[in-house]
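Peer 1: Shown below is the structure under consideration.
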Amino acid sequence: MVIYIGSDHKGYQLKKEIVLMLKNGGYEVSDLGNVAQDENDDYPDFAAKVAERVSRDIENAKGILICGSGVGMCVVANKFANIRAALVASSDQAFDSKNDDNANILCLGANYLSAEQAKKIVLTWSQTPFSEEERHTRRLQKIEQVEQQLLKTTGEQ
């Protein structure tokens with residue numbers, strides 16, 4: 001499994017720390033930018049890159065997105081088919097996002113988390129499997145049905 005990661009300028013420093021932690025932990029990480037601290041960059045560019053990659057290979061890819069609040073990244077990522085991006089602020093929430101909702105993109109708000117909090121969240125999220133309980137699977141199927149209906153409505157199928 002590969003973890004695609006992206007951030008804007010607000011999440012750049014935190015992203016560097018998370019990439020290092022994941023690589024040291026044996027994870028395959030692909031950094032999709034930004035590659036430098038650029039105050040003029042825009043979060044949708046990086047969110048779209050990560051979400052597009054994860055969307056194409058939902059069985060083998062996950063994503064992490066970091067911006068100031070985490071909200072913008074999450075909004076953009078959830079525009080893509082097959083994406084379940086979750087804005088997470090605690091390790092308990094990270095557990096639930098994977099265990100219950102099988103979130104395939106983790107969104108973090110760099111303005112609201114310390115590096116240690118973010119690392120704990122990332123580790124919890126990356127190590128938690130989807131529970132596959134019937135109620136959670138049923139709910140994910142309903143989400144897929146909504147997505148398919150929306151695609152039919154917009155003619156993008």
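Each reported figure results from applying straightforward, stated rules to the coordinates on display, with no laboratory input. Bear in mind the structure is a predicted one, so any value in this text is a computation, not a measurement. All Cβ positions, even for glycine, are placed from backbone atoms using ideal geometry, and neighbour counts span all protein chains on display.
Peer 1: Would it be correct to say that Glu39 is assigned to a loop (DSSP other than H, G, I, E, B), within 22 Å of Glu144 (Cβ to Cβ) and among the charged types (D, E, K, R)?
Peer 2: no
Peer 1: Against the condition within 28 Å of Leu140 (Cβ to Cβ) and buried (at least 20 other Cβ atoms within 10 Å of the Cβ), how does Leu65 come out, does it pass?
Peer 2: For Leu65, the condition - within 28 Å of Leu140 (Cβ to Cβ) and buried (at least 20 other Cβ atoms within 10 Å of the Cβ) - is met.
Peer 1: Report every pair of residues separated by at least 6 positions or lying on different chains whose Cβ atoms are under 6 Å apart, first residue within region 137-157 and over 18 Å from Ala85 (Cα atoms), second surrounded by 12 or more Cβ atoms within 10 Å (Cβ to Cβ).
Peer 2: Gln157/Leu151
Peer 1: Moving on. Go through (1) crowded, with 17+ Cβ neighbours inside 10 Å; (2) under 14 Å from Leu108 (Cα atoms); (3) out of contact with any Asp or Glu (no Cβ under 7 Å at 6 or more places or on another chain) one by one and return the number of the condition Leu32 breaks.
Peer 2: (2)
Peer 1: Let me ask you something else. If Gly63 satisfies all but one of (1) assigned to a helix (DSSP H, G or I); (2) closer than 20 Å to Gln13 by Cα; (3) not basic (Lys, Arg), what's the number of the condition it fails?
Peer 2: With respect to (1) assigned to a helix (DSSP H, G or I); (2) closer than 20 Å to Gln13 by Cα; (3) not basic (Lys, Arg), Gly63 is out only on (1).
Peer 1: Exactly one of (1) of a type in the set (Lys, Arg); (2) surrounded by fewer than 18 Cβ atoms within 10 Å (Cβ to Cβ); (3) under 15 Å from Tyr4 (Cα atoms) is unmet by Lys120. Its number?
Peer 2: Exception for Lys120: condition (3).
Peer 1: Still on this structure: Tally up the residues in region 95-110 that are under 15 Å from Leu14 (Cβ atoms) and under 13 Å from the mean Cα position of the chain (by Cα), please.
Peer 2: 4
Peer 1: Starting from region 27-43, keep only residues that are touching a residue at least 24 places away in the same chain (Cβ under 8 Å), then list their pairs with residues that are part of a strand (DSSP E or B) and surrounded by fewer than 16 Cβ atoms within 10 Å (Cβ to Cβ) whose Cβ atoms are within a distance under 9 Å, requiring at least 6 positions of separation or different chains.
Peer 2: As it stands, the answer is Tyr27/Val2; Glu28/Val2; Val29/Val2; Ser30/Val2, since those pairs meet every condition given.
Peer 1: Select, from Leu150, Leu113, Leu140, Leu87, the only residue that is crowded, with 17+ Cβ neighbours inside 10 Å, over 20 Å from Glu28 (Cα atoms) and more than 14 Å from the chain's Cα centre (by Cα).
Peer 2: Leu113
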